[in-house]
Amino acid sequence: MPQLLVLPDGRRLPLDKPVIFKHGRSRMGTVLAVAQGLGLATAGVSLGTALSMRGPDGRYSTSDAGKARTLNATYLAGAYVFAAAYVYGVLDGVVLTPAPPGHPAP
């Protein structure tokens, strides 16, 4: 008989399946984990590349200014994707808790 994980709302999940989210929605957990990883990687690579293009005075050369603007926008987009996925995951795990079986949602 497989071991079961009993969730706070009474649902039982087999332990042989990966559970990433508190409520047992592993597909949503995987999507958010991938979004966070891609957002963080994009932000890190873009910021690192943009900073490495600066000269000794901390400014970009005229020829690199357009590429630097694109990298800075990519850095911000990646950071926002990471932050949004992280905040949604926290809210889903803490605030958006489903009602236990037999109890109506507020």
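The values are calculated or read from the model by the stated rules, or taken from the named source; none is laboratory data. Keep in mind that this is a model prediction, so the values were computed, not measured. Cβ coordinates were reconstructed from backbone atoms using ideal geometry, including for glycine residues, and neighbour counts include every protein chain displayed.
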### Count - residues of the stretch 34-61 that are surrounded by fewer than 15 Cβ atoms within 10 Å (Cβ to Cβ) and under 12 Å from ALA85 (Cβ atoms)
3
### Task
Please name all residue pairs, on different chains or six or more residues apart, with Cβ atoms under 9 Å, provided the first residue is in the stretch 23-41 and is within 10 Å of ALA79 (Cα to Cα) and the second residue is modelled with pLDDT of 85 or more and of a type in the set (Ser, Thr, Tyr).
GLN36/TYR86; GLY39/TYR80; GLY39/TYR86
### Query
Pairs under 7 Å by beta carbon, first residue farther than 22 Å from GLY44 by Cα and of a type in the set (Lys, Arg) in the stretch 83-106, partner part of a loop (DSSP other than H, G, I, E, B) and at pLDDT below 60, six or more apart or different chains?
none
### Task
Would you be able to tell me the number of residues in the stretch 8-37 that are modelled with pLDDT under 75 and hydrophobic (A, V, I, L, M, F, W, C)?
5
### Task
Considering every residue within the stretch 62-77, establish whether at least one is modelled with pLDDT under 90 and exposed (fewer than 15 other Cβ atoms within 10 Å of the Cβ).
no
